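Working notes, structure below.
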Amino acid sequence: MISEVRRRDYLQAMQVDTWLPRVALPFAAPSRPECLKPPLPMAAPGEPAPAEIEPTPVSAPSPAPERPAVARETLRSRLIAPEPRRETIVEAAPEAETDATPALASEAVPPPRFTLQLLRAGACLVLVELPTGEPFASRDPAYLLLKDMLRAAGLPDSPQQVGDGEPIRWPLVAGRRFGQGAPLDQGPQAALDYVQGVIAVELEQQPSACLWLIGEPAIRFAGEADAEACNRELNIEGLGVALAMPGLEALMEEPARKAPLWRAMQRSMGRWKTV
C-alpha cells in the first residue's frame, strides 16, 4: 500500500487527472467529492455556460463481505489438531465351561513340593518337615532341636522311623502317566489324601495318643489347616487329636516362638503322659 501523495504523483506522471476503482478497495481512503463531478461541456463562443450538474451522491464503499460462520468453523477445525481416537476395549464373554475345563485347570496349578518324615516317640506319632529335604542325621541342628522338644515333653528323645523309614516326598513321580491316559493327579487335594492315608495305615497298626504336626506342610497336608493354627490342637477326622507346631527351621531362626510352643505343649501334655 502506497501513500496518497505518491499515488497522486503516479497519476500525474501518467497524465491521469481522475482515477476511480471499479470495485471498493479495502482499507482505501474515501474519494474526494470534487473528483466525482463530471467535467463541464465546452461552451461555444457567445453561449452562456451551462448550469452545473448536481453530482450523483455516491455511497460509502461497502465493507468486505464477512466470511460465513460455516466457513470459519471449517477453517478452525483444520487448524486445530484432531484428538487421537480412543479405542474401547471390550472384554470377551467367558466361554461356556465344558467337561475338560476342570482337568485343564488342575494341570495349570503346579503340585506342592515338600518332604515329611513320620516318626514314633512313645505314645505319639511325629510328622515333621525335613528342612533340607533329606532324612535327619545324628548331628543335624534341626534333629537336635527335635530331641530337646521330645525330652521336654516327657517323651523318648530317640524317635523311631516307621514303615520302611523313607520320607514322604511330594510330588511322587514327576510326569508319571497311567499308560496313554491323563497324567497322575498330584495337586494339593491328592497330596492331602496321600499323607493322611500314610498316617492312617500306621495308626491301624499301633494307635497314638497325639499326633505332632511340625512345620507348615505337615499342618496343611495332614491337619487340613494353615500356619495360623500353630500352637493349637486340631481334631482331624480319622486321625484323632493333633498338636500343630512351627517348623524346626522357623524355631531356630526365631527363638521367640519357643515360649508359646512350650505353653501349648504343657496344655496337651496330659494326653501322652497318662498312656
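Between a first residue in region 194-210 that is under 18 Å from E224 (Cβ atoms) and a second residue that is assigned to a helix (DSSP H, G or I), which pairs have beta carbons less than 7 Å apart while being 6 or more apart in sequence or on different chains? As it stands, the answer is V195/F221; V195/A222; Q196/A222; I199/A222; C210/S268; C210/R271; C210/W272, since those pairs meet every condition given. Taking the residues in region 111-149 that are aliphatic (A, V, I, L, M) and in a loop (DSSP other than H, G, I, E, B) as candidates, determine which candidate is nearest to the chain's Cα centre (by Cα). Among them, the one singled out is L130. Looking at region 250-275 only, could you name the residues that are among the aromatic types (F, W, Y) and either in contact with a His (Cβ under 9 Å, 6 or more places away or on another chain) or surrounded by 16 or more Cβ atoms within 10 Å (Cβ to Cβ) (or both)? Result: W272, single match. Within region 118-164, the set of residues being among the polar types (S, T, N, Q) and more than 23 Å from K273 (Cα to Cα) comprises T132, S138. Among the residues of region 252-273, the ones that are touching a residue at least 12 places away in the same chain (Cβ under 8 Å) and within 13 Å of A209 (Cβ to Cβ) come to 5 in all.
Being polar (S, T, N, Q) and not in a loop (DSSP other than H, G, I, E, B) is the filter; apply it to region 222-275 and report the residue that is nearest to the chain's Cα centre (by Cα). Break it down stepwise before answering.
Here is the first cut: in region 222-275, the ones polar (S, T, N, Q) are 231, 235, 266, 268, 274.
Adding the requirement that they be not in a loop (DSSP other than H, G, I, E, B) leaves 235, 266, 268.
Details: N235: 39, Q266: 46, S268: 45 Å.
Ranking the qualifying residues of region 222-275, first place goes to N235.
Scan region 105-158 for residues that are in contact with a strand residue (DSSP E or B) (Cβ under 8 Å, 6 or more places away or on another chain), aliphatic (A, V, I, L, M) and more than 21 Å from R267 (Cα to Cα) and report the count. Final tally of qualifying residues: 4.
Would you mind stating whether A244 is of a type in the set (A, V, I, L, M, F, W, C), under 20 Å from L146 (Cα atoms) and crowded, with 17+ Cβ neighbours inside 10 Å? Here the answer is yes, as A244 does meet what is asked.
Residues in region 211-270 that are touching a strand residue (DSSP E or B) at 6+ places or on another chain (Cβ under 8 Å) and small (G, A, S): G215, A218, A222, G223, A225, A229, G240, A242, A244, G247, A264, S268. Among the conditions (1) assigned to a loop (DSSP other than H, G, I, E, B); (2) within 23 Å of R169 (Cβ to Cβ); (3) not polar (S, T, N, Q), P207 misses just one, which is (2).
Values in this text are rule-based calculations from the coordinates and carry no lab data. Worth saying up front: this structure is predicted, and the values here are computed from it rather than measured. Here Cβ is always computed from backbone atoms with ideal geometry, including for glycine, and neighbour counts include all displayed protein chains.
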